[in-house]
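Let me begin by presenting the structure, written as structure tokens, before commenting on it.
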Amino acid sequence: MKVGFIGLGHMGAAMAANLVKAGHDVTVFNRTAQKRRALVELGAREATRVAEACTGDAVITMLADDAALQDVALAEGGIVPSLPKGAIHVSMSTISPDLSRSLAQAHERAGQKYVSAPVFGRPEAAAAAKLFVMASGEASAIDACVPLFDAMGQKTYRIGTAPEAANFVKLAGNFSLAAVIETLGEAMALLGKAGIEPHTFLEVLTSTLYPAPVYRSYGALIADRKFEPAAFAAKLGYKDVRLALSAAENLRVPMPLASLLHDRFLRLLAQGDENLDWSALGRLAADDARTAVSAGS
């Protein structure tokens, strides 16, 4: 397929590279020109403007937040004014359901198609083409994108025809991941104060109660206190929990744990740790425990 790719961060660069390796005709754009060079050397075409990445069958966006995607999609010279009729905008970012719905409407008015396809997986999974794709939108549009999804991921889940459906699943999933990180951090803080080595606990936990990759990977990051370089920054985790809470408020769904996670992330940001990996959330309980010991001594 002839496809544009906009947004070459940790995830986007790896995803675009896999599209090139799979034989797709890929044109890449990123505001920072340096991030385009490695993809061009791999075989991609270079776009110096958003519109130049919007001349094919589809354009994929992998951008940080709602504001960045709105600017790229709706501004003069952006995706909606530039994409050919019948072509598909595939949004793979973690964005709000409201924005996804609005983008779908804007593309429909322009005679274009829109697919929401956020992914689960960290940068190492993106590099290995092992992402899990959540896709929602018109069935025929998703069908057309399957070759792209197959090049980037190991499985695609069809969530429904409502454009925002995949975004709800992605936000719920990231909320659940943040809850796992907080739980692991609190459990390890308790055991640490009791003098029990965290890796021993992690081995027991992942061999008995929770033999799942997420417990192994995030548990190891917390036990090793390895929060740099960030694969997924704390400021993005905060953004995702905030979006989940906003969606819950709109639907009148109480999410007390999400409110707690919001404040825990806000604390990380307040103390200047917004660029640490979001697993740094798991160190806060240990920090609290040490503070309590110091105060009481």
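Read the figures in this text as sums done on the coordinates, not as results from a lab. Being a predicted model, the structure only gives us computed values, none of them experimental. Because the Cβ atoms are built from the backbone with ideal geometry, glycine has one as well, and the counts that use them run over all protein chains shown.
Cross-link partners of Lys193 among lysines, defined as those whose alpha carbon lies under 28 angstrom from its own and excluding same-chain residues fewer than eight positions apart: Lys226. Backbone amide hydrogens, once placed in the peptide plane, bring Arg45 within less than 5 Å of Val26, Thr27, Val28, excluding anything fewer than 5 places away on its chain. Partner lysines whose Cα lies under 16 Å from the Cα of Lys170, excluding those fewer than 8 positions away in the same chain, are identified as Lys155, Lys239.
Using equal-weight Cα scatterers in the Debye expression, the normalised intensity of the stretch 2-162 in log10 at q = 0.18, 0.19 Å⁻¹ is -1.05, -1.19. Checking the a/c ratio against 1.5 first, then a/b against b/c, what shape does the Cα gyration tensor give for the stretch 155-224? Judged from the Cα gyration tensor, the stretch 155-224 comes out prolate (a/c at least 1.5, a/b above b/c).
Taking a span of 27 Å or more along the helix axis (Cα atoms) and a mean Kyte-Doolittle hydropathy of at least -1.0 as the rule, the DSSP H helices of the chain that qualify are 165-193. Summing +1 for each Lys or Arg and -1 for each Asp or Glu among the other residues whose beta-carbon sits under 12 angstrom from that of Ala166 gives +2.
Its residue count N fixes a reference of 2.2 N^0.38 Å for the stretch 228-276, and the Cα radius of gyration divided by that reference is 1.21. Relative contact order for the chain: what percent, with Cα pairs under 8 Å and sequence separation of 6 or more? RCO, the chain: 14 percent. Set the Cα radius of gyration of the chain against 2.2 N^0.38 Å, with N its number of residues, and you get 1.06. Compute the distance in nm between two label points, each set 7 Å from the Cα along the Cα-to-Cβ direction, one at Glu46 and one at Leu74. It works out to 3.2 nm between the two label points.
What the Cα atoms of the stretch 168-296 give is an Rg and a Dmax of 14.8, 45 Å. Run the Debye formula on the Cα coordinates of the stretch 60-133, all scatterers equal and no solvent, and tell me log10 I(q)/I(0) at q = 0.16 1/Å. Taken in order of the listed q values, log10 I(q)/I(0) reads -0.56. Under 12 Å from a label point 7 Å along Cα→Cβ of Gln154: give me every residue in the stretch 193-214 with its amide N that close. The answer is 213-214.
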